[in-house]
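A short worksheet on the structure shown next.
The values are calculated or read from the model by the stated rules, or taken from the named source; none is laboratory data. Quick caveat: nothing in here was measured; it's all calculated off a predicted structure. Cβ placement follows ideal geometry from the backbone for every residue including glycine, while neighbour counts extend to all protein chains displayed.
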Protein chains: 2
Amino acid sequence: MYRESIKVLDCTIRDGGLVNKHQFTHEFVKRSYEGVSKAGVDYFEIGYINSPNLFSTSEYGPWKFCAQADIRKVTDGVENGAKISVMADVGRVEMDALLPADQSAYHMVRVASYIKGVDKAIALANRFHDLGYETCINLMALSRDQGSEMDEAFAQVEKESHAKAIYLVDSFGSMYQEDIEKLVARARQYIKTKELGFHGHNNQQLAFSNTIESIIHGVNYLDATIYGMGRAAGNCTLELLLGFLKNPKFDIRPVLDLIATDYLDLRKTMEWGYIIPHMIAGQLNQHPQDALDVRKTDDRDAYRRFYERMVSSGMD
Amino acid sequence: MYRESIKVLDCTIRDGGLVNKHQFTHEFVKRSYEGVSKAGVDYFEIGYINSPNLFSTSEYGPWKFCAQADIRKVTDGVENGAKISVMADVGRVEMDALLPADQSAYHMVRVASYIKGVDKAIALANRFHDLGYETCINLMALSRDQGSEMDEAFAQVEKESHAKAIYLVDSFGSMYQEDIEKLVARARQYIKTKELGFHGHNNQQLAFSNTIESIIHGVNYLDATIYGMGRAAGNCTLELLLGFLKNPKFDIRPVLDLIATDYLDLRKTMEWGYIIPHMIAGQLNQHPQDALDVRKTDDRDAYRRFYERMVSSGMD
């Protein structure tokens, strides 16, 4: 698959940060940034820009806040580096402290939102647009929010936002390729002047194939993570995606190196991937929190009990 | 997805046996058989029927030979058990020793063959058919053998064999969903009176999604294994497939139990799954042997070196 307009965004540190409270060292992040940049990836999403007044800076690592100085420690001296992206949550950004884009260490801001919060997400993204940033809106949990509000949200982001791309997010890792086809077609009825993006979760080992399916149907902004690292079951792996995309600007080898030098070891202390409670949550279209919780208890491998509890809670 | 005509075949012990020289204990196999049967799976493939004159019975376990008495130790006393399937390789079966199907502990024989060996595979399968067995022909390595011989083989199995189903096998785990769509359409041009089957490998985390894709295009015989256990990267996981198929006869819970009681522990001593050299082999459409070999050496995680070697060998 070769399509010039495809953009790959690595969100390893941002999505993976949800697993370890964003406690990656600057050296670790810098190695990942260098490798991802050498691999030809377009964007490197490094974390969230939460106000340090809202969360403890001793409990959480630097990538929950993404201070300009922290980002520059990572990017300084890296040639031809990928553009830096950060994620912004409605109500958690210190708006007065923001720099205009031309003075900032990051280029793009993605605002994540459920369908029901789309008004505020558009307003926030547009504030960043006015400061000169590239912006995206990531619409989450679309396997659940399938009502007419979804159509309204699609129409609204098209009309009111300046986002470059609207991401369709399978937060629960529960969608099959037919669902992706239908979802992209539904979004395209409304979103005609912006790019579409896709962000999958790998609960059912479908994050990569769903990403391919989205590409087939014209989606151009693609999220992936090194070795699939990310919350719960993790994400589409970057090494699979780069291997599929035939654009010669991509080189899988620096990603293979990062897995060997950093991510194999990380996997020994942080959990992500094909883990049965996460598979069950995906199959039943449930939020990952219950599975994350059960993995911290002695019942972590009591699969039948977890399954029966999830089936019941789905019927509430 | 509910389709009455879909048949699920669990080949955990047969494909997984390639990893440990078929050295599963009778008790282990019996527990798997009971669980898979309770899950409502149609067939349980237990091993190969190789002649004990051709391979060492001390080096290899019972499931490389599948003596009638060994199978009966597993199936005796199990109510409503799945039908037993065995695999036969051309030239390795002791034909004179075969029982007619109505006296045999197994019901179905699947003959595995490369495209170029299809004549002999048809002849062997038909011998079993004449003895009263259900038969299938599994056409291997179809990501490689894409020449006009493939069309001839499809025409020939349709015309000359009595097989119930012709399996399309992605031996290298290298096919994407578009490849599956095209392959099934190509097979259907010739194979009009028999069922089609699909057997995937999970090198690129696509075994499940490719199985779904095959279902969408009318394939009814589906292979899967418990927790994905199988050679190299393993196979489509049974628990994912049963969760996707909405036929109420399937119950995922006994499979979840087997993972908790047996397969989590097994994974600690046997290697299968998403492992980077297997991913590379799949991405480059290569036979799994080189990746299996490198995993036994000190270079097991020297991914870049392995990648560059595989790229070069693909250009030979």
Filter region A:122-156 for residues that are among the acidic types (D, E) and outside any helix (DSSP H, G or I); the one that is nearest to A:I84 (Cα to Cα) is A:E134
When you look at A:G228, is it without any contact (Cβ under 8 Å) to a residue 24 or more places away in the chain and facing chain B (nearest Cβ under 9 Å), yes or no?
no
Scanning region B:234-262 residue by residue, the ones that are away from chain A (no Cβ under 11 Å) and under 14 Å from the mean Cα position of the chain (by Cα) total 2
Selection status of A:V29, of a type in the set (V, I, T), crowded, with 24+ Cβ neighbours inside 10 Å and closer than 26 Å to A:H201 by Cα:
yes
Filtering helices (runs of 4 or more DSSP H) wholly in region B:271-316 for at least 1 residues that are outside the structural domain of B:T12 (by TED's automatic domain parsing), free of Cβ contacts under 8 Å to residues at least 60 places away in the same chain and farther than 24 Å from A:L245 by Cβ gives B:289-294
How many residues of region B:208-223 are in contact with a Gly (Cβ under 9 Å, 6 or more places away or on another chain), more than 8 Å from chain A (Cβ to nearest Cβ) and either within 25 Å of A:L241 (Cβ to Cβ) or modelled with pLDDT under 95 (or both)? The answer is 2
Filter region B:163-179 down to the residues that are out of contact with any Phe, Trp or Tyr (no Cβ under 6 Å at 6 or more places or on another chain) and within 15 Å of B:G197 (Cβ to Cβ), then identify the one that is surrounded by the most Cβ atoms within 10 Å (Cβ to Cβ).
B:D170
Restricting to region B:263-276, name every residue that is surrounded by 18 or more Cβ atoms within 10 Å (Cβ to Cβ) and either within 20 Å of B:G35 (Cβ to Cβ) or at the interface with another protein chain (Cβ under 10 Å from one of its Cβ atoms) (or both).
B:Y263, B:L266, B:W272, B:G273, B:Y274, B:I276
Among all residue pairs at least 6 apart or on different chains, which show Cβ distances below 8 Å where the first residue, located in region A:114-139, is in the same structural domain as A:H162 (by TED's automatic domain parsing) and of a type in the set (S, T, N, Q) and the second is assigned to a loop (DSSP other than H, G, I, E, B) and at pLDDT 95 or above?
A:N126/A:S161; A:N126/A:H162; A:T135/A:S161; A:T135/A:H162; A:T135/A:A163; A:T135/A:K164
Being surrounded by fewer than 24 Cβ atoms within 10 Å (Cβ to Cβ), closer than 30 Å to A:G228 by Cα and among the hydroxyl-bearing types (S, T, Y): is that true of B:S143 here?
yes
Tell me whether region A:232-253 contains one or more residues that are farther than 24 Å from A:R3 by Cβ, in contact with a Lys or Arg (Cβ under 8 Å, 6 or more places away or on another chain) and in the same structural domain as A:L139 (by TED's automatic domain parsing).
no
Return yes or no: is B:L240 in contact (Cβ under 8 Å) with a residue 12 or more places away in the chain, buried (at least 19 other Cβ atoms within 10 Å of the Cβ) and of a type outside the set (D, E)?
yes
Could you figure out which of (1) away from chain A (no Cβ under 11 Å); (2) crowded, with 24+ Cβ neighbours inside 10 Å; (3) β-branched (V, I, T) isn't true of B:V184?
(2)
Condition met for A:D42 (farther than 21 Å from A:L238 by Cβ, in the same structural domain as A:Y133 (by TED's automatic domain parsing), surrounded by fewer than 21 Cβ atoms within 10 Å (Cβ to Cβ) and not basic (K, R)):
no
Name the one entry in A:I191, A:I212 that is buried (at least 24 other Cβ atoms within 10 Å of the Cβ) and over 12 Å from the mean Cα position of the chain (by Cα).
A:I212
Return yes when A:K192 is more than 11 Å from chain B (Cβ to nearest Cβ) and farther than 19 Å from B:Y303 by Cα and no when it is not.
yes
